[in-house]
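For reference, the structure discussed in these notes is given below.
The values are calculated or read from the model by the stated rules, or taken from the named source; none is laboratory data. Note that this is a predicted model, so its numbers are computed, not measured. Because the Cβ atoms are built from the backbone with ideal geometry, glycine has one as well, and the counts that use them run over all protein chains shown. Side chains included, ligands, DNA and RNA excluded: accessible areas come from the protein's heavy atoms. Shrake-Rupley method; radii C 1.70, N 1.55, O 1.52, S 1.80 Å.
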Amino acid sequence: MLNKKQTAISGLLFIAIIGRLCYNNSMDVIREKLKLLPDNPGVYIMLDKYGNIIYVGKARVLKNRVRQYFHNSPKPEKVMKMVENIADFNYIITDSEIDALALENNLIKKHKPKYNILLKDDKTYPYIKANLKEEFPNFSITRKIRKDGGKYFGPYMGGINCKDILDTLQLTFNVRLCHTQITQKPKRECLNCHIARCTAPCAHLVSKEDYAAQVKKALAFLDGSYKEAEQLLKNKMLNAAENENFELALDYKNKLAMLSKLEAKRITTLSRYIDADIIAYSTNNLYSAVNILVTRKGIMQGGNSFALDEAYLSDGEALTAFIVQYYSNHEIPSEIILEDFCEKQLIQNYFKEKFDKTVEVTTAKQGVKFKLLQMARKNATEFLEKSVDKIKHRDDMTVNACERLKQLLNLEKYPRRMECYDISNISGVDKVGSMVVFLDGEADRSSYRRFRIKTVEGANDFASLQEVLTRRLSKLGTDEEEKFPKPDLIIIDGGKGQLSAVKEIFDGMQIDGIELISLAKREEEVFTLYGEDSVKIPHRDYALKMLQRIRDEAHRFAITYFRNLHSKRNLESVLTEIDGVGKAKRMALTEKFGTLDKIMGAGIAELAETEGIGEKLAANIKKYFEENL
């Protein structure tokens, strides 16, 4: 008869033996598949023992590249860590390496593999757009560059405020910033015309030729010709000071300081026509970092650094994968200055074939471009040194917390995709539900969904949860599962009652393969389907902190949606009380501003720009809010 200690040891030995058998079976499958690999270019997909995609790579020759992972040759530590988790692989043949590179990028965005470069925290910088397709071009701020005939200037980084630049542009050259449609019938001029900030083409007060001359000067200003604007602002500042309008004079002074800041960024040894991004890569063989410096028209706009946690076989491949992801959301410059180990020709061919953009990829060895590359290298290395602890902490809070949760709750598999649900309403009005998604312990905001409760009367959170989960789970096994993948774990914000309500849906729909838990807020207890008692996870445990993050995010997302709906409902009722604001004008105001707070905060000029709202009605709207709200 075995005692408890012997039984525990036997159990561990049994688990170890089963694990080794499974590993050997996986390696047998992999060895057989390695023999069948083709000589074609393509994409390979690495899978873990749960069938999750953990890495996607591209290859010029699939047979050679995939075999490298399983040879005994030395590999970077981060690659060996990834190989330990490979249980199977698949591949897709493509016509060329460029097609493989494009497909790799698409699959990474779609599946978000654990060991690929994922620019989840990437942010786009603002640009100023001149809409040159219009007869009377307007200027606006945007974060997206499109092939729409417009001319884009930027990105604006390093403390430069786009609104200040636009304001200076209008103040100096009187171009329009509004999106008012210019028609054959002249419109009433707005406040900007009366204060000499716009020549009002919408009111037919300026000819096409004269306005084109204004636009030409504005474009030259955005290209870096600041002298005329600087002189005009100085004159306006002096005039305002003489008239003792000191607040306006201070505004002009601040705009002059902004121009000086822009001018100071000019690199005197660079041609003012050079648009180049300088990209450097640094690694410690476990983590990596990339720094990008951006120059436009010979002016250093600023830079950005990225911490990477990935498993590419070479630094060149890692840098190429980063570039493809980065420029899917950013302006592609005419020149990229890179490290000498980069896949130069492949990158050039990729931009030409996929974007019809000729990009000169250079590896600078001397001169000012080399100094800029050295600066980027220094930034990347320094950022990596500072980021290592942050990356390790992020791992503890995410993937390691997922592994810990699996152990604490005895889950059948690693909870890679977790979905959390919450309900929000006030006295049963504007009932909404939220679904937030975490992948490997991190928020995947592109997968969030909102639900407007349709069938439940009154404030019944249990029934509302059942409606939301029924609508969500009905997508499993359909064509929509591609867009709504099956989760590993569903988390409900609430206690045993909410958990039981959702279990009824699981039982009725015969759902299997998805774990279900709830998190009660008061004591932060976790309820499962495996027992009456709750599981109490220590408050400092990263697994509990992760559950709290996803629960709080679901609550925030639900509350935000509820407030938006409630605000729009209140907005409609308030606007009906204003004389002269009929249905069409209410819709125009709602479409332009969205919420009551934004309409209340708008000035008369901004209100007057709304379709159908003139200056007189705008003044009445403003007066109504001042007197009544």
Practice prompt. Under 15 Å from the Cβ of Val66, count the other residues' Cβ atoms, weight Lys and Arg +1, Asp and Glu -1, and hand me the total.
Written response: +3
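What does the net charge come to around Ile337 if you take all other residues with beta carbon closer than 10 Å to its beta carbon, with K and R at +1 and D and E at -1? Don't skip to the answer; put the middle values down first.
Values: positive: Lys369; negative: Asp277, Glu335, Glu339, Glu360.
Local net charge: -3.
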Worksheet item: Taking amide H positions as placed 1.01 Å from N in the peptide plane, with prolines and chain starts having none, which residues 5 or more places from Gln301, or on another chain, fall under 5 Å of its amide H?
Response: Val294, Thr295, Arg296
Worksheet item: Mean shadow of the stretch 269-370, computed from the convex hull of its alpha carbons, in nm²?
Response: 6.5 nm²
Response to the item:
Restricting to aspartates and glutamates and to Cα separations under 12 Å from Lys354, and discarding same-chain partners fewer than 8 apart, the set is Asp99
Worksheet, complete the sentence: Note on the chain: contact order normalised by length, alpha-carbon pairs under 8 Å, 6 or more apart, percent, works out to 8 percent
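Taking 0.36 nm per residue of sequence separation and subtracting the Cα-Cα distance, how much length would be gained by fully extending the chain between Arg143 and Leu232, in nm to one decimal?
On the way: separation 89, 0.36 × 89 = 32.04 nm, distance 2.93 nm.
Taking 0.36 nm per residue and subtracting the Cα distance, the gain is 29.1 nm.
Contour minus end-to-end for Asn245 and Lys217, with contour as 0.36 nm per residue of separation and end-to-end as the Cα-Cα distance? Before the final figure, lay out each step's value.
Values: separation 28, 0.36 × 28 = 10.08 nm, distance 2.78 nm.
That works out to 7.3 nm of additional length.
What net charge is computed for the residues neighbouring Phe557, neighbours being all others with C-beta under 10 Å from the C-beta of Phe557, Lys and Arg scored +1, Asp and Glu -1?
On the way: positive: Arg445, Arg449, Arg450, Arg556; negative: Asp422, Asp552, Glu553.
So the environment of Phe557 carries a net charge of +1.
Note down the magnitude of the dipole of the chain about its Cα centre, charges +1 on Lys and Arg C-beta and -1 on Asp and Glu C-beta and zero elsewhere, to the nearest 20 debye.
Working: 98 positive and 88 negative charges, 159 e Å.
Dipole size: approximately 760 debye.
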Discussion item. Suppose each label sits 7 Å from its Cα in the direction of the beta carbon; what would the Phe355-Lys33 distance come out to in nanometres?
Written reply: 3.3 nm
Worksheet, complete the sentence: Relative contact order of the stretch 360-499 (C-alpha contacts under 8 Å, at least 6 apart) in percent is 21 percent
Worksheet item: Once Lys and Arg get +1 and Asp and Glu get -1 on their Cβ, which of Leu544, Val206, Met46 lies farthest toward the positive end of the dipole of the chain?
Response: Val206
Worksheet item: In whole Hz, what ³J(HN,Hα) sequence does the stretch 454-459 give by Karplus (6.51, -1.76, 1.60; θ = phi - 60°), x for Gly and Pro?
Response: 10, 10, 9, 8, x, 8
Practice prompt. Just list whichever of Lys49/Lys78; Lys486/Lys521; Lys386/Lys536; Lys216/Lys585; Lys81/Lys406; Lys406/Lys483 have alpha carbons separated by over 28 Å in the model shown.
Written response: Lys386/Lys536; Lys216/Lys585
Practice prompt. Rounded to whole Å and sorted largest first, list the principal axis extents of the Cα atoms in the chain.
Written response: 102, 71, 43
Worksheet entry | Approximate spin-label separation Gln374-Lys486, in nm, with each point projected 7 Å along Cα-to-Cβ | 5.8 nm
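Find, among the trypsin sites (Lys or Arg not before Pro) in the stretch 326-407, those assigned to loop by DSSP (not H, G, I, E, B) with at most 11 other beta-carbon atoms within 10 angstrom. Numbers along the way, then the final one.
Details: sites: Lys344, Lys352, Lys354, Lys357, Lys365, Lys369, Lys371, Arg377, Lys378, Lys386, Lys390, Lys392, Arg394, Arg404, Lys406; in loops: Lys357, Lys365.
Qualifying residues, ordered by number: Lys365.
Kirkwood Rh and Cα-based Rg: tell me the resulting Rg over Rh for the stretch 94-232, rounded to two decimals. Could the numbers behind the result be given before it?
Working: Rg = 20.2 Å, Rh = 17.7 Å.
For the stretch 94-232, the value is 1.14.
List the equivalent ellipsoid semi-axes of the stretch 92-159 in whole Å, largest first, each obtained as the square root of 5λ for an eigenvalue λ of the Cα gyration tensor.
Semi-axes, largest first: 34, 18, 9 Å.
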Discussion item. With angles folded into 0 to 90 degrees, how steeply does helix 162-173 sit against the dominant principal axis of the chain? Use alpha carbons for both and round to 10.
Written reply: 20 degrees
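Is it possible to state the helix-based mean residue ellipticity at 222 nm for the chain, with each DSSP H run of 4+ residues giving -39500 (n - 2.57), the sum divided by total residues, to the nearest 500 deg cm²/dmol? What is it? Before the final figure, lay out the partial values.
Values: 20 runs with 291 residues, N = 629.
For the chain, the value works out to -15000 deg cm²/dmol.
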Worksheet, complete the sentence: Note, the stretch 314-328: 3J(HN,Hα) by Karplus (6.51, -1.76, 1.60, θ = phi - 60°), whole Hz, Gly/Pro = x, goes 9, 5, x, 5, 4, 5, 5, 4, 4, 4, 4, 5, 4, 7, 6
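Can you tell me the accessible area per residue over the chain, all protein chains present, probe 1.4 angstrom, in square angstrom? Before the final figure, lay out each step's value.
Values: 32460 Å² over 629 residues.
Here the residues of the chain average 52 Å² of exposed surface.
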Practice prompt. List, in order, the whole-Hz ³J(HN,Hα) value for each residue of the stretch 339-346 obtained from phi through the Karplus relation with A = 6.51, B = -1.76, C = 1.60 and θ = phi - 60°; use x for Gly and Pro.
Written response: 5, 6, 8, 6, 8, 3, 5, 4
